[in-house]
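Participant: One structure coming up, written as structure tokens, with questions to follow.
The values are calculated or read from the model by the stated rules, or taken from the named source; none is laboratory data. The shown structure was predicted, so the numbers you read here are calculated from the model rather than taken from an experiment. No Cβ is skipped: glycine too gets one built from the backbone with ideal geometry, and neighbour counts run over all protein chains shown.
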Amino acid sequence: MPTGFISHSDCLKHEMGNYHPECPERLTAIEDQLLLSRINDFLIKLTPPLATEENLNLVHSKEHIEFVKSIRPSAGYAEIDGDTLMNPHSWNAALRAAGAGLLAVDAIMNKELVNAFCSVRPPGHHAEPNKAMGFCFFNNLAIAAKYAVSKYAIQRVAIIDFDVHHGNGTEHAFMQDERFLMCSFFQHPLFPYSGTNNTAKNMLNTPVPAFTNGQTIRQLVEEHWLPRLNEFKPEFIFISAGFDAHREDELGQMGLIESDYAWLTQQIVAIAKQYAQGRIVSCLEGGYNLSALSRSVVAHIKELAEI
């Protein structure tokens, strides 16, 4: 079965002002690099639906959904925090971003795809059940994971987050729910300054200092993540695929390169093949150096598609 690539032009219309690092050009850089790498023909391209408010409510409170909907501007920008703004197109972009993960789950469970990469924005892993923050409005990956469990009776879901920032929203969505195991590394201290205190048993958080390189990350994955994943035996894997731990990305200070993302993906694919019939949904999170982002995404997709 093929690998899916899921994106939508609505995700290009959301923007938060000149020079904001979470910009529409992130997606066009990925598309351009896919063309240059000549792997487009190996992917099934799909366009996502708009997630419904019922879908969002799998993770987010009705009050949060109404708040985000109520502040969308007719022109200009509405500010949620200093880093997170809405323009008139942000609501639809956020619904498409959440809808991509839902479409991916359905296509995989219906055996139309083996796995999928969702090239969408705004990202999601900082969005908490009751709060938008950190460029994120709704938690795309958490919504998709809850959807898989509620619609298809999946009993064990692994969530892998390799963004340079801790996925606080995803942690809050799943902490203490033993159907989910979340494995993450992240630079610490760094925004959102979480993930190190009162960690739930189903959260395998591995904070690392600035300037941590790929070899150190590979070692911690082999020593900590893989034994726990093999013990858990996930039936579906979801990836918060942030590429801002790349050494060229200025929003963090870590030292990963494309080959490290390829290696990480190889390990995840192997676990998915062993326990989850290969089922993986990967959702774009961070990554703000356009060249490093696009090269890393292509390395990631090549391993998902095994090409």
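Participant: So which of Ser291, Ser282 ends up being hydroxyl-bearing (Ser, Thr, Tyr) and surrounded by fewer than 24 Cβ atoms within 10 Å (Cβ to Cβ)?
Facilitator: Ser291
Participant: Scanning for something of a type in the set (Ser, Thr, Tyr), in a loop (DSSP other than H, G, I, E, B) and crowded, with 23+ Cβ neighbours inside 10 Å, does the stretch 105-120 turn up at least one residue?
Facilitator: Yes, the stretch 105-120 contains at least one residue that is of a type in the set (Ser, Thr, Tyr), in a loop (DSSP other than H, G, I, E, B) and crowded, with 23+ Cβ neighbours inside 10 Å.
Participant: Which residues, taken from the stretch 238-270, are surrounded by 22 or more Cβ atoms within 10 Å (Cβ to Cβ), outside any helix (DSSP H, G or I) and in contact with a Ser or Thr (Cβ under 7 Å, 6 or more places away or on another chain)?
Facilitator: Passing the criteria: Ile239, Ser240, Ala241, Phe243, His246, Met254.
Participant: Here's another thing I want to ask about it. For the stretch 178-218, enumerate the residues that are under 20 Å from the mean Cα position of the chain (by Cα), closer than 21 Å to Ile271 by Cα and part of a loop (DSSP other than H, G, I, E, B).
Facilitator: Arg179, Asn202
Participant: Out of all the residues in the stretch 62-94, which are aliphatic (A, V, I, L, M) and in contact with a helix residue (DSSP H, G or I) (Cβ under 8 Å, 6 or more places away or on another chain)?
Facilitator: Within the stretch 62-94, Ile65, Val68, Ala78, Ile80, Met86, Ala93, Ala94 meet the criteria.
Participant: Can you find a residue in the stretch 141-160 that is outside any loop (DSSP other than H, G, I, E, B) and either in contact with a His (Cβ under 6 Å, 6 or more places away or on another chain) or modelled with pLDDT under 95 (or both)?
Facilitator: no
Participant: Consider only pairs whose beta carbons are under 7 Å apart and that are at least six residues apart or on different chains; among these, list those whose first residue lies in the stretch 133-153 and is over 24 Å from Gly287 (Cβ atoms) and whose second residue is among the basic types (Lys, Arg) and modelled with pLDDT of 95 or more.
Facilitator: From residues that are over 24 Å from Gly287 (Cβ atoms), the pairs are Val149/Arg179.
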